[in-house]
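Each remark here refers to the structure printed beneath this line.
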Amino acid sequence: MGTFLGADLHCHSVFSDGVERPAALVKRALDAGLSAFALSDHDAVHGLPEFEEAAKGTGLVPVAGAELSTRCDGDDVHVLGLFLDPTEPLLVAKLAAMREARGRRGEAMVEKLASIGLPLDLAKIREVVGDGAFGRPHVARAMVEAGYVKDFDDAFQRYLTRGKPGYVPKPKWTLPEAIASIRKAGGLAVVAHPVWYTDPEKVVAQGCAAGLDGLETLHVDHNGAKEGEFARLAARWRLLVTAGSDFHAPGEGRAGVGARRLPEEAWSLLVKAAAKRRDESGRPPLDLSPR
Ligand code: AMP
Ligand code: FE
Ligand code: FE
Ligand code: ZN
């Protein structure tokens, strides 16, 4: 490999609540000068073949990922599975069931909003979702388009977060279940954006008891002080560290692909751990060559 220019290991496409296809995201990664890049759609690995295909001939190292929503005491904890085998049958089946449940939950959200005088075109939203994972961002974008809210964030703040009138919970993995499924698929399990949780230390402790591998210390929602705090937390628990832009769509308030990037040394540790995990899982070997 030539000079390593960083890895962005968290990103969403149309296969969940992002707005771009994998090829467009790969282009963003190349424009950002990244060396490695992960697609990590919510409850979805079926976009990974298209992602892999899009990376061909680019020199990029594509990393197969997914982001699972778990419940850990009072917190909704997101767990990234990275370097996983997207053909692992149990994972594939469980994710398909989760997406079905998300579809029903999405309809329930639209019904709730209609009942308070904010009707949306469900068929149109369904068309946008396609065979991807239906998420709150789909509803938020439809609300912006309908003129019910001033922007994407406003939709969440007034209607779509817990306790607000459009909110409907969705089924979630338990933290140990998610970690076990990721490991079984030969992947590394990483707690995403720890700044989102009321007690990150507790999440990490419970995660480590279940076989957690890493912590996303570098994330667009973390400021410098938080990054330092989470780096120390990861070090205390001997966790690997990752970096992510969590890109979903342009113009929704977050910086773009490559906004957070993992340096070479941390990337090398991840690669070593991932290769070992893959060996132990009995899944096909991991290919981390530039495509
Ligand atoms: P869901 O998985 O359907 O519950 O939706 C969660 C997704 O909504 C997250 O992955 C983010 O993409 C987005 N999201 C959650 N909370 C907010 C928020 N307060 N503001 C903007 N986007 C959010
Ligand atoms: Fe999302
Ligand atoms: Fe997340
Ligand atoms: Zn995400």
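The values are calculated or read from the model by the stated rules, or taken from the named source; none is laboratory data. Being a predicted model, the structure only gives us computed values, none of them experimental. Cβ sites come from the backbone with ideal geometry, for glycine too, and all protein chains shown count toward neighbours. Note: accessible area is taken over every heavy atom of the protein model, side chains too, but ligands, DNA and RNA are not part of it. Shrake-Rupley method; radii C 1.70, N 1.55, O 1.52, S 1.80 Å.
General observations
- For the stretch 217-275, the fraction of C-alpha pairs farther apart than 17 angstrom is 45 percent.
- Percentage, to the nearest whole number, of Cα pairs in the stretch 1-141 over 17 Å apart: 62
- Shape category assigned to the stretch 193-291 from the gyration tensor of Cα positions, a/c cut at 1.5: oblate
- Percentage relative contact order, the chain, counting C-alpha pairs under 8 Å, at least six apart: 24
- Violating pairs (Cα-Cα greater than 30 angstrom) within the set LYS170/LYS202; LYS56/LYS172; LYS124/LYS226; LYS112/LYS150; LYS56/LYS226; LYS226/LYS272: LYS56/LYS172; LYS124/LYS226; LYS56/LYS226
- Treating each Cα of the stretch 132-266 as an identical point scatterer and summing with the Debye formula, the log10 of I(q)/I(0) at q = 0.17 Å⁻¹ comes to -1.08.
- Computed over the chain, the Cα gyration tensor eigenvalues convert (square root of 5λ each) into semi-axes of 30, 21, 19 Å, ordered from largest to smallest.
- Among beta bridges that DSSP assigns inside the chain, antiparallel share in %, nearest 5: 45
- Percent accessible area from carbon and sulfur atoms, the chain, protein chains only, probe 1.4 Å: 55
- Sequence-distant lysines (8 or more away, or on other chains) whose Cα lies within less than 19 Å of LYS276: LYS184
- Given their separation in residues at 0.36 nm each and the Cα-Cα distance between them, GLU100 and THR174 gain 24.8 nm when the chain is fully extended.
- Span from the the stretch 132-171 Cα centroid across to the the stretch 263-291 one, whole angstrom: 37
- Helix-derived mean residue ellipticity, 222 nm - over the chain, DSSP H n ≥ 4, -39500 (n - 2.57), to 500: -12500 deg cm²/dmol
- Rounded to 5, percent antiparallel among DSSP beta bridges of the stretch 38-177: 60
- Residues of the stretch 1-144: accessible area per residue with a 1.4 Å probe, Å²: 36
- Viscosity 0.692 mPa s, temperature 37 °C, Stokes-Einstein D of the stretch 123-171 from Kirkwood C-alpha radius, µm²/s: 294
- At 1.002 mPa s and 20 °C, Stokes diffusion of the stretch 181-222 via Kirkwood alpha-carbon radius, µm² per second: 198
- Choice from ALA24, ALA38, ALA54 with maximal GNM fluctuation in the chain (Cα, 10 Å cutoff): ALA24
- Choice from VAL19, VAL77, VAL144 with maximal GNM fluctuation in the chain (Cα, 10 Å cutoff): VAL144
- Heavy-atom accessible area per residue - the stretch 201-291, 1.4 Å, Å²: 49
- Cleavage-rule hits (trypsin sites (Lys or Arg not before Pro)) in the stretch 1-104: DSSP loop, at most 16 neighbouring Cβ within 10 angstrom: LYS56
- Rounded to 5, the percent of DSSP beta bridges in the stretch 9-86 classed as antiparallel: 60
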